[in-house]
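The structure appears right after this line, and notes come after that.
Just so it is clear, none of the values below were taken in a lab; they were calculated from the coordinates. Treat the numbers as computed from the prediction; the structure is a model and nothing was measured. Virtual Cβ from ideal backbone geometry, glycine too; neighbours counted across all protein chains shown.
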Amino acid sequence: MTVHLMALIVLVGCGPETSDTEDTGAPTGGDDTAISETGGDDTATGGDDTAITETGETGDPYDGSDRALQGYVELDQSGEWTHLRASFWDASGYVVTETWLDPMEGEGDCGIVRRTGEGDVIVLSAGDVVFSADGDSVTVPWGSGPTWDTGGGGGEGYGEFTLEEAGYAPRYGVDYGVEAPGDGFPGFALAAAVRFPEAAMVVTSPSISGSSRPSHSAADPLAVTWSGAAGVDDVLVVIYGTAGGESVELRCETDDDGAFEVPADVLGQLSEGSVTLEVVRYQISSHDVGDDAWLTARAQSRERGKIDLIP
């Protein structure tokens with residue numbers, strides 16, 4: 001199956017979703033419909049069946065970005081739901097171009113980037129994907145819904161499931177295992193694919209929870225604070241907006257120390273009006289699973305909301 005997969009721009013870059021749509025908090029499948037309560041062997045198992053024998057090698061998250069076969073698995077906690085996602089593809093015919101309008105000079109700095117993609121990717125199956133931790137597991141089956149990262153238009157793929165629907169809460173600060181038997185994408189078994197962040201992300205300033213929509217002058221630095229900081233995880237502060245009439249991301253990487261200030265000289269490059277602020281506490285790791293295949297695993301807790309940029 002060949003699809004034009006713009007969402008892979010972010011997956012290749014190992015970032016969170018770039019959509020500027022409102023986050024409803026409700027679990028959705030690949031067709032954007034709510035997933036009903038499910039149980040039994042198709043969704044959750046426990047006990048001895050969750051033991052995983054480690055295969056593959058762990059590397060830097062970006063070492064394998066040139067591999068033809070790419071895989072991405074994610075635990076994404078937002079609001080009351082922790083979504084489980086999986087995607088695998090042959091990206092040999094797809095080119096991602098990043099244009100940095102303002103370069104980001106590493107941790108503690110901010111930059112503005114515009115991403116475009118050209119070409120097609122071939123969506124692959126790796127078989128049913130199993131996420132596990134502390135003796136509990138949840139299976140995300142191949143063919144359970146249209147491919148989630150194409151907005152429901154990508155044909156057969158992996159639907160979205162949640163830990164909560166399977167009866168589990170996220171295990172903060174715990175390693176999650178991920179395994180799949182393989183199909184078009186090679187099989188893998190990672191006992192510690194990625195560690196879940198130490199705590200849920202709760203933004204304390206500006207007030208973006210619920211229906212709050214604060215205003216902020218683009219001429220002033222934007223002070224962002226959050227709770228639960230343990231100094232262990234990484235934090236990404238992202239503002240989705242426009243510049244020069246095109247969609248861009250203002251991205252800042254920082255330590256999880258509870259506070260960050262977006263500089264006015266960077267913020268002022270965004271167009272005035274409604275923008276989306278997202279603060280993400282995350283862990284990311286990548287694994288060489290052989291056969292020219294690279295798997296990126298990400299676990300994150302995030303909160304997002306709207307703010308109005310004014311003069």
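Determine the shape class of segment 202-275: with a ≥ b ≥ c the square roots of the Cα gyration tensor eigenvalues, call it rounded for a/c under 1.5, and otherwise prolate if a/b is greater than b/c, oblate otherwise. Judged from the Cα gyration tensor, segment 202-275 comes out prolate (a/c at least 1.5, a/b above b/c). Annotation for segment 235-264 versus segment 68-85: alpha-carbon center distance of 21 Å. Pop the C-beta distance of S274 and E98 into the FRET formula with R0 = 22 Å and round what comes out to the nearest 0.05. Between S274 and E98 the formula returns 0.35. Averaging the Cα positions of each part gives two centres, and for segment 155-193 and segment 290-309 these lie 15 Å apart. Computed about its Cα centre, the charge dipole of segment 202-275 is approximately 360 debye, with only Lys, Arg, Asp and Glu carrying charge at their Cβ. Shape class for segment 222-311: oblate, because the ratio a/c of the largest to smallest gyration tensor axis (alpha-carbon atoms, square roots of eigenvalues) is 1.5 or more and b/c is at least a/b. The fewest-to-most ranking of L101, L163 by surrounding Cβ atoms within 10 Å reads L101, L163. If only the Cβ of Lys and Arg carry +1 and only the Cβ of Asp and Glu carry -1, the dipole of segment 174-311 around its Cα centre is close to 520 debye.
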